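Have a look at the structure below before the remarks.
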Amino acid sequence: MAYNVLVVDDQTMPRQLFENIINNSARYELAASVDSASVADVYCAGMRIDMILMDVVMSGGINGIEAAARIKASYPDIRILVVTSMPDGTFLDKARAAGVDSFWYKEVQDAPLLEIMDRTMAGEQVYPDHAPIAAVGLAKSTDFTGRELEVLRYVAAGYSDKEIAQLLVIGYGTVRVHLNNLLQKTGCNNRTELAILAAKTGIVVPEI
């Protein structure tokens, strides 16, 4: 018996790629393919779903990790494999906390998607050791401290230095130090360039 798979991704090309992989496999069948995580649980309620391939960052008011947590609470036997191209290092921990079974990076992976699907359906939890290393301007994603990444996340979300200081419960001057370090490491000239770079590389994603 083939496993029924629900694909959830708001980008057309990756969604079609997953559909093709499933349709060309004798072990899996495509149950449905949708572009919003907000409706994933509706499909789980209305049909037999054995596995979900779900992106993290999507439009529609809910991200893939939030949807996974909601689905796992109601349908714990459904295997969920989260996929993403974003190197945001917090995704792995958040996915584990949400009960996601396995995690796969679209562009950088240690094993083919079908292999990860097979291992996940066999009851194994498959996670990479760390997020992929990405170029962020003149720096690498591993060149930043945890606090710098926290500041960068709020910069990317459009918060002012004073607001960031309040949110992180640190001094305004400390925020400025972290911001200057971020500008120097990346080679950006101002916080606007920094915010655009953060969004482009996906090193931090404000929505998650």
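Things to note:
- Candidate set: region 106-126, residues that are of a type in the set (A, V, I, L, M, F, W, C), open to solvent by 30 Å² or more (accessible area, probe 1.4 Å) and in a loop (DSSP other than H, G, I, E, B); chosen: the one farthest from L182 (Cα to Cα): A122
- When the residues of region 155-178 are filtered to those that are of a type in the set (A, V, I, L, M, F, W, C) and surrounded by fewer than 19 Cβ atoms within 10 Å (Cβ to Cβ), the one that is nearest to A195 (Cα to Cα) is A157.
- Filtered residues of region 105-126 (kept if in contact with a Ser or Thr (Cβ under 8 Å, 6 or more places away or on another chain), acidic (D, E) and modelled with pLDDT of 90 or more): E124
- Selection status of K185, open to solvent by 20 Å² or more (accessible area, probe 1.4 Å), more than 30 Å from S25 (Cβ to Cβ) and in contact with a strand residue (DSSP E or B) (Cβ under 7 Å, 6 or more places away or on another chain): yes
The values are calculated or read from the model by the stated rules, or taken from the named source; none is laboratory data. All figures in this text were calculated on a predicted structure; none of them were measured in a lab. All Cβ positions, glycine included, derive from the backbone under ideal geometry; neighbour counts span all protein chains shown. Side chains are part of the model used for accessible areas, which takes the heavy atoms of the whole protein and leaves out ligands, DNA and RNA. Shrake-Rupley method; radii C 1.70, N 1.55, O 1.52, S 1.80 Å.
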